[in-house]
Amino acid sequence: MFKESLLIMRAGMDNGGGIIASCDSDNLQFNRDTYAYIWMRDGAFIANAWDLAGFQDVSRLFFQFCNKTMTTKGYFHHKYAPDGSVGSSWLASIDQNGRIRLPIQEDETAIVLYALWKHFESHNDIEFIAKVYDKLVVKASEFLLDYIDPKTGLPRPSFDLWEEKVGTFTWTVSAVYAALIAAANFAKVFFDRDRQEVLSSAAEGIRKAMITYLYNSNMHRFAKAINEDGSQDMTIDSSLSGVFLFEVFDASDEVVEGTMRAVADKLWVKTDIGGVARYENDGYFRVSKNVAGNPWFICTLWLARWHIARLPGWISSKKV
């Protein structure tokens, strides 16, 4: 099964480094488009899997693709075609009030930077990192710093990972924190002490702001997001797992415990099938109103990773 999984992953990736979501053409029947696009978030997770499996040459192809496609301002568009051109998108560039906004999912930029650091941690290939450092690390981290709202210390609103809403999401904020820590680590490797201090300070500021604005002490868990009007969205969402997946807080920290227990309690599909839904009342292809939503493999595995991370002797990677 392990080898078969690697073959399936490689089949969705050419030597240009783009990792497409799917070759399945069924989507053409109702969306008039395919899934043969590269979402940087998905690609970064798969590149990390390649690194963990020991195939660093394959993961490098993806990071080279990222280096080629990143905008001059340091962020990624919604998705890309395998040739590196910008893909079609349904993320609105104008809000309901007619104001122009950046139609991105900020976590896609952040997670690539996070995955690149995990790649370097595994393989120490400093010569390769030097080739992509100026764009994938410096440009990306400068964008992430510039995109922080000075009033809250949190990232400005962007689209969520489910591509449905705009806000400042706990998942996205957690990913940005991890990206800034990764960039600070890289700055240390390249002996840029001033840059390291700036990035580390920004990451710590985000961590504190998460407790101030995103943690609900009455409900003992994180909010899904801060809406554009400033209110908290307290919908229980499996992506709240990001608070420990991206190592913002320890898996056994009380703020994580309360959050993940709410995810397990409210989102577990209480049928013979089991599994974890994306979020409360998720209507996407839901076949029964008696459950929160259809079970998703990745959401279920996030819950599993939380249980694993709380086992005695579990060691997370070190921060700066």
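The values are calculated or read from the model by the stated rules, or taken from the named source; none is laboratory data. Values in this document were obtained by computation on a predicted structure and should not be read as measured data. Positions of Cβ are backbone-derived with ideal geometry, glycine not excepted, and every protein chain shown enters the neighbour counts. Just the protein is used for accessible areas: all its heavy atoms, side chains included, with ligands, DNA and RNA removed. Shrake-Rupley method; radii C 1.70, N 1.55, O 1.52, S 1.80 Å.
Within the stretch 256-275, track down each residue that is in contact with a strand residue (DSSP E or B) (Cβ under 6 Å, 6 or more places away or on another chain) and surrounded by 21 or more Cβ atoms within 10 Å (Cβ to Cβ).
T259, L267
Can you tell me which residue within the stretch 95-114, out of those that are of a type in the set (V, I, T) and under 14 Å from W171 (Cα atoms), is surrounded by the fewest Cβ atoms within 10 Å (Cβ to Cβ)?
I111
Which members of the stretch 42-62 meet the condition of being of a type in the set (F, W, Y) and outside any helix (DSSP H, G or I)?
The answer is F55, and nothing else.
Yes or no: S122 touching a Leu at 6+ places or on another chain (Cβ under 9 Å), open to solvent by 30 Å² or more (accessible area, probe 1.4 Å) and not in a strand (DSSP E or B)?
yes
Listed residues D146, D125, D95; which is of a type in the set (D, E, K, R) and at pLDDT below 95?
Selected residue: D95, the only one of D146, D125, D95 that is of a type in the set (D, E, K, R) and at pLDDT below 95.
Answer with yes or no whether W117 is at pLDDT below 95, open to solvent by 20 Å² or more (accessible area, probe 1.4 Å), of a type in the set (F, W, Y) and over 29 Å from N216 (Cα atoms).
Taking the combined requirement at face value, the residue does not satisfy it.
With the requirement that a residue be part of a loop (DSSP other than H, G, I, E, B) and buried (at least 21 other Cβ atoms within 10 Å of the Cβ), what does the stretch 63-73 give you? Spell out the reasoning first.
In the first step, residues of the stretch 63-73 are kept if they are part of a loop (DSSP other than H, G, I, E, B); the result is 70-73.
Within the stretch 63-73, M70 is the sole residue that qualifies.
Are any of the residues in the stretch 127-143 in a loop (DSSP other than H, G, I, E, B), aromatic (F, W, Y) and closer than 20 Å to I46 by Cβ?
The answer is no, given that none of the residues of the stretch 127-143 is in a loop (DSSP other than H, G, I, E, B), aromatic (F, W, Y) and closer than 20 Å to I46 by Cβ.
Among A47, A53, which is the only one that is touching a residue at least 40 places away in the same chain (Cβ under 8 Å), open to solvent by less than 30 Å² (accessible area, probe 1.4 Å) and not β-branched (V, I, T)? I'd like the intermediate steps shown before the answer.
Details: A53 fails: open to solvent by less than 30 Å² (accessible area, probe 1.4 Å).
Criteria check complete, one pass: A47.
Checking the structure you have, find out if any residue of the stretch 197-215 is in a loop (DSSP other than H, G, I, E, B) and open to solvent by 60 Å² or more (accessible area, probe 1.4 Å).
Within the stretch 197-215, not a single residue is in a loop (DSSP other than H, G, I, E, B) and open to solvent by 60 Å² or more (accessible area, probe 1.4 Å).
Residues are listed down the side, and each one gets a yes or a no for (1) hydrophobic (A, V, I, L, M, F, W, C); (2) in a helix (DSSP H, G or I); (3) over 19 Å from M219 (Cα atoms):
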| site | (1), (2), (3) |
| --- | --- |
| V263 | yes, yes, no |
| V287 | yes, no, yes |
| N290 | no, no, yes |
| L301 | yes, yes, yes |
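Quick one: in the stretch 83-94, of everything that is closer than 20 Å to E163 by Cβ and assigned to a loop (DSSP other than H, G, I, E, B), which residue is most open to solvent (accessible area, probe 1.4 Å)?
W90
Quick check on this structure: which one of K151, K135 is open to solvent by 20 Å² or more (accessible area, probe 1.4 Å) and touching a residue at least 12 places away in the same chain (Cβ under 8 Å)?
K135
Pairs under 8 Å by beta carbon, first residue in contact (Cβ under 8 Å) with a residue 24 or more places away in the chain and aromatic (F, W, Y) in the stretch 300-311, partner in a helix (DSSP H, G or I) and open to solvent by 80 Å² or more (accessible area, probe 1.4 Å), six or more apart or different chains?
That search, which allows pairs on different chains as well, returns nothing.
Just one of G258, G242 is assigned to a helix (DSSP H, G or I), touching a Phe, Trp or Tyr at 6+ places or on another chain (Cβ under 8 Å) and either modelled with pLDDT of 95 or more or under 30 Å from E204 (Cβ atoms) (or both); which is it?
So the residue among G258, G242 that is assigned to a helix (DSSP H, G or I), touching a Phe, Trp or Tyr at 6+ places or on another chain (Cβ under 8 Å) and either modelled with pLDDT of 95 or more or under 30 Å from E204 (Cβ atoms) (or both) is G242.
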